[in-house]
Amino acid sequence: MFGRRRKRGRHSANRGTAQPEVEFDGVEEAEEGPFDESLAPDDGLNRLDLGSIRLPVPDGAQLQVEMDPAGAVRAVHLLTTVGQLTVSAFAAPKSDRLWPDVSSEMIAQFKADGFRILRENGEWGEEIAARNNEVHLRVVGVDGPRWMLRGIAAAPTEELGLRATEALYALVRDTVVVRGEQAMPVRTPLPIELPEAIARHVQAQQEA
């Protein structure tokens, strides 16, 4: 379930939310992503290499790096004219789906925070639309081979929220996930590594 495929093996997942167990052990030709590194297309698209994910940064987008107190990169946000886009990857089981559990937990947290919630069935299964008086959110999740990709679009108005959602879809479709072979507990965020030039810029800002 990590891209539309021209060929399907016996272990590949169908779309939607009706597949309780999925094992990803084949290499198949994918038309649309997000892509596992093993299926990354040679499409000439310029992607920002962040270690565990490679993002096709939209034209005009600004990069915002979120650091944790220990100095590690917590998240990278793309600030666009229509809203903020955030894509994150997490370690997941080999033979089960993580997004259904994560989405249920996020919905519960959104409701506790006073958001109005709408569940919709989208390109990669169930999506979350959440809104309050200040922000319109769209959250998508994709289960891949030993990883889960989560994308969030945030915008201040409904109109911009619709445009930010489309921008998020485009971003997720062309993202490449580099899971690596190391063992990780399920739900561990895959480490983000900043390119050297960006890392120097962030360090300079912190020291200013």
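The values are calculated or read from the model by the stated rules, or taken from the named source; none is laboratory data. Here the structure is a predicted model, which means the values were calculated and not measured. Backbone-built Cβ (ideal geometry, glycine too); neighbour counts: all protein chains shown. Surface areas here come from the heavy atoms of the whole protein model, side chains and all, with no ligands, DNA or RNA. Shrake-Rupley method; radii C 1.70, N 1.55, O 1.52, S 1.80 Å.
Looking at ASP96, is it touching a residue at least 60 places away in the same chain (Cβ under 8 Å), surrounded by fewer than 19 Cβ atoms within 10 Å (Cβ to Cβ) and more than 30 Å from ALA199 (Cα to Cα)? The answer is yes for ASP96. For ASP43, are the conditions met, namely being closer than 19 Å to VAL202 by Cα, open to solvent by 20 Å² or more (accessible area, probe 1.4 Å) and of a type in the set (Asp, Glu)? No.
When the range 120-173 is examined, which residues are found to be small (Gly, Ala, Ser) and outside any strand (DSSP E or B)?
Applying the first criterion (small (Gly, Ala, Ser)) to the range 120-173 yields 122, 125, 129-130, 141, 144, 151, 153-155, 161, 164, 167, 170.
Hits for the range 120-173 are GLY161, ALA164, ALA167, ALA170.
Scanning the range 99-110 for residues that are touching a residue at least 60 places away in the same chain (Cβ under 8 Å) and surrounded by fewer than 17 Cβ atoms within 10 Å (Cβ to Cβ) turns up just one, PRO100. Applying the set (1) closer than 30 Å to GLN205 by Cα; (2) in a strand (DSSP E or B); (3) open to solvent by less than 30 Å² (accessible area, probe 1.4 Å) to VAL82 leaves exactly one unmet item: (2). For LEU149, the conditions (1) of a type outside the set (Asp, Glu); (2) over 19 Å from ALA61 (Cα atoms); (3) open to solvent by 10 Å² or more (accessible area, probe 1.4 Å) are fulfilled apart from (3). For the range 174-197, filtering for residues that are surrounded by fewer than 16 Cβ atoms within 10 Å (Cβ to Cβ) and either within 11 Å of the chain's Cα centre (by Cα) or not in a loop (DSSP other than H, G, I, E, B) (or both) leaves 2.
Within the range 50-64, track down each residue that is among the aliphatic types (A, V, I, L, M) and farther than 7 Å from LEU78 by Cβ. Answer for the range 50-64, where residues must be among the aliphatic types (A, V, I, L, M) and farther than 7 Å from LEU78 by Cβ: LEU50, ILE53, LEU55.
Contact annotation: residue pairs with Cβ atoms under 6 Å, 6 or more positions apart or on different chains, pairing a residue in the range 187-201 that is within 30 Å of VAL102 (Cα to Cα) with a partner that is assigned to a loop (DSSP other than H, G, I, E, B) and not hydrophobic (A, V, I, L, M, F, W, C), are LEU190/SER52; PRO191/SER52. In the range 49-76, the residues that are more than 12 Å from VAL87 (Cα to Cα) reach residues that are in a strand (DSSP E or B) and of a type in the set (Gly, Ala, Ser) with C-beta atoms within less than 6 angstrom, at least six apart or across chains, in these pairs: GLU66/ALA75. Within the range 111-138, track down each residue that is in contact with a Phe, Trp or Tyr (Cβ under 9 Å, 6 or more places away or on another chain), surrounded by 15 or more Cβ atoms within 10 Å (Cβ to Cβ), hydrophobic (A, V, I, L, M, F, W, C) and without any contact (Cβ under 8 Å) to a residue 60 or more places away in the chain. Selection gives ILE128, ALA130, VAL135, LEU137. Taking the range 52-75 as the range and being at pLDDT below 95, open to solvent by less than 70 Å² (accessible area, probe 1.4 Å), under 20 Å from LEU149 (Cβ atoms) and in a strand (DSSP E or B) as the test, the residues that pass are LEU63, VAL65, GLU66, VAL73, ALA75.
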